[in-house]
Amino acid sequence: MTHEPRILISGASIAGPTLAYWLVRNGFRPTVVERSPELRPGGNGVDIRADSVRIAERMGVLPRLRERATDIRELTFVDAADRRVAGMSTRTFNADGDLEIMRGDLAQVLYEATADDVEYAFGDSIAELIQRPDAVEVTFDSDRQAEFDLVLGADGLHSRTRNLAVTPEADALHHLGVYFATARVDAELGRPHSVTLYNTPGKVAGVYRSGTHDTATAFFAFRASRTLEVDHRDQNAQKDLLRDYFDDRDWQVPALLDQAVADDGFYFDAVSQVRIPAWSNGRVALVGDAGYCATLLSGAGAALAIEGAHLLATELAAAAGDHRIAFRRYERTLRPTVLRAQRSVRVSSAMLIPATGGHIRLRNQLTRLMVLQTLASRVYRPVTVRAA
Ligand SMILES: Cc1cc2nc3c(=O)[nH]c(=O)nc-3n(C[C@H](O)[C@H](O)[C@H](O)COP(=O)(O)OP(=O)(O)OC[C@H]3O[C@@H](n4cnc5c(N)ncnc54)[C@H](O)[C@@H]3O)c2cc1C
């Protein structure tokens with residue numbers, strides 16, 4: 001590449017804006033295309049840990065992230081009468097200096113840190129992508145056409161970039177047999193500073209209530225022994241499905257459900273990991289959930305998106321225009337961390353969504369005896385690629 005490389009990033013959530021920031025810092029001028037007409041709000045708290053804290057600090061956004069951080073202190077397991085049966089401090093998962101922030105707040109802060117230097121095109125998407133030896137020809141949904149030297153997919157679990165250029169979705173996604181939904185609800189439904197969880201066999205309903213926010217978020221997860229036919233973009237079908245699964249009248253499930261399905265920011269998806277043999281193909285590479293989603297059960301999605309984006313930009317700068325070297329180094333460095341995060345979900349799914357009544361009682365007992373805390377702190381804390 002003798003000219004300044006033209007780089008397209010698809011997706012403006014966590015990985016996309018972080019990647020854009022570090023590309024700009026390294027002298028590139030990326031463009032970001034985001035399918036949604038505006039920045040997508042929503043989601044529960046996500047953890048910023050270890051290297052991702054240092055990266056956020058170097059981006060100058062750490063003070064703003066700390067201002068908007070949540071103040072959750074405990075995971076509280078309750079029974080049908082709303083009595084606390086066991087609990088776990090959030091310090092189990094986070095070390096000093098780590099922080100938890102609502103996903104939408106994190107996306108907003110990262111976007112604001114880049115909006116002056118990066119061109120964002122909202123409400124559009126890559127429709128077609130043709131790789132030539134010297135460039136990538138992109139046609140957008142809006143029919144606009146343009147050529148780029150590199151296309152970087154930060155477009156999440158159902159990445160279109162991945163599907164078009166790297167691995168078809170059917171081969172990339174590995175469903176964990178769990179479905180998840182979340183939406184905003186009234187703060188009064190939650191316990192202050194707590195993530196409250198109510199389990200029945202194979203199901204959990206819960207409320208996430210941070211004292212630094214006016215509203216709480218409800219979440220629901222359930223195990224299904226077969227794959228459910230539900231379009232990840234058909235919200236009405238998803239809401240019906242959720243109601244079918246949570247038809248019990250226990251605890252405050254009906255109130256949470258009523259409010260959740262009425263919220264515009266309702267989010268539902270099959271909990272799936274992205275496991276693909278290579279994170280790039282030619283001039284196209286993937287970052288964040290698009291390339292290596294570990295799922296929300298790993299608690300590492302945001303940290304891996306930030307660390308991956310920073311690493312990819314750094315390697316592109318270091319390789320002085322040879323994207324093949326950069327993509328190879330990026331993947332080789334990050335893959336072991338991703339695999340560790342992906343493996344960790346076995347512990348969290350057993351802990352958060354025990355499959356039987358016996359498993360629920362065992363989980364509560366192990367929590368009271370502090371056994372699960374010891375295990376969880378070993379499994380979750382080390383999300384470190386290398387010193388930033
Ligand atoms: C609305 C929402 C709610 C979430 N809630 C939670 C949660 O509660 N807990 C949790 O742990 N994780 C949640 N996640 C996932 C979490 O954000 C990621 O695991 C992690 O932060 C990695 O982020 P990412 O930027 O790689 O991917 P994502 O955060 O998934 O972002 C992908 C972005 O790409 C955009 N996009 C998708 N397709 C296209 C396309 N064809 N063209 C252009 N843009 C496209 C999406 O609109 C989105 O903005 C949520 C994600 C979203 C989008």
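The values are calculated or read from the model by the stated rules, or taken from the named source; none is laboratory data. Here the structure is a predicted model, which is why all the values come from computation and not from measurement. Counting neighbours? That spans all protein chains shown, and the Cβs are built from the backbone with ideal geometry, glycine included. In case anyone asks, the SASA skips ligands and DNA or RNA and just uses the protein heavy atoms, side chains included. Shrake-Rupley method; radii C 1.70, N 1.55, O 1.52, S 1.80 Å.
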- Message: Could you report the accessible area of GLU4 in Å², rounded to 10, computed with a 1.4 Å probe on the protein chains as they sit in the structure?
- Response: 80 Å²
- Message: If you split all Cα-Cα distances of the stretch 20-141 into 10 Å bins from zero, what percentages do you get per bin, shortest first?
- Response: 11, 30, 29, 18, 9, 3, 0
- Linear extension gain, ASP141 paired with ARG361, 0.36 nm per residue minus alpha-carbon span: 74.1 nm
- What list of whole percents do you get for P(r) of the stretch 213-346, with Cα-Cα distances grouped in 5 Å bins up to the one holding the largest distance? 2, 9, 16, 15, 14, 13, 11, 9, 6, 4, 1, 0, 0
- Message: Accessible area of the chain with a 1.4 Å probe: how many percent of it is carbon plus sulfur?
- Response: 48 percent
- Could you check the simple spin-label distance between ILE325 and GLU112, using points 7 Å along Cα→Cβ, in nm with one decimal? 3.9 nm
- Hey, what did the chain get for relative contact order, percent, Cα under 8 Å, at least 6 apart? 22 percent
- Square roots of 5 times each gyration tensor eigenvalue, C-alpha, the stretch 69-136, largest first, Å: 42, 17, 14
- Item | Once the Cα gyration tensor of the stretch 1-83 is diagonalised, semi-axes √(5λ) in Å | 35, 17, 10
- Query: For the stretch 123-177, what is Rg from Cα atoms divided by 2.2 N^0.38 Å, rounded to two decimals?
  - Reply: 1.23
- Which distance in nm do the two modelled labels at ARG332 and ARG91 give, with both placed 7 Å along the Cα-to-Cβ direction? 4.1 nm
- Query: What fraction of the DSSP beta bridges in the chain is antiparallel, stated in percent and rounded to the nearest 5?
  - Reply: 75 percent
- Item | Length gained when the stretch LEU369-ASP134 is fully extended (0.36 nm per residue, less Cα-Cα span) | 78.5 nm
- So in the stretch 1-158, what percent of DSSP beta bridges are antiparallel if you round to the nearest 5? 65 percent
- Note on the structure: Restricting to Cα pairs under 8 Å and 6 or more apart, the percent relative contact order of the stretch 12-106 works out to 35 percent
- Item | Relative contact order computed over the stretch 153-281 (Cα-Cα under 8 Å; 6+ residues apart), in percent | 35 percent
- Task: Quick one: dipole size for the stretch 1-84, taken about the Cα centre, charges +1 on Lys/Arg Cβ and -1 on Asp/Glu Cβ, in debye to the nearest 20.
- Result: 240 debye
- Message: Past the 30 angstrom mark, what percentage of all C-alpha to C-alpha distances in the chain do you count?
- Response: 38 percent
- Item | Cα-centre dipole for the chain with unit charges at Cβ (Lys and Arg positive, Asp and Glu negative), debye to 20 | 1880 debye
- Item | Cα convex hull volume per residue for the stretch 165-270 (Å³) | 126 Å³
- Of the candidates VAL371, ALA237, ALA278, the farthest towards the positive dipole end of the chain (Lys/Arg Cβ +1, Asp/Glu Cβ -1, centred on the Cα centre) is VAL371
- Query: Given the rule -39500 (n - 2.57) for each run of at least 4 DSSP H residues, summed and divided by the residues of the chain, what is its mean residue ellipticity at 222 nm, to the nearest 500 deg cm²/dmol?
  - Reply: -10500 deg cm²/dmol
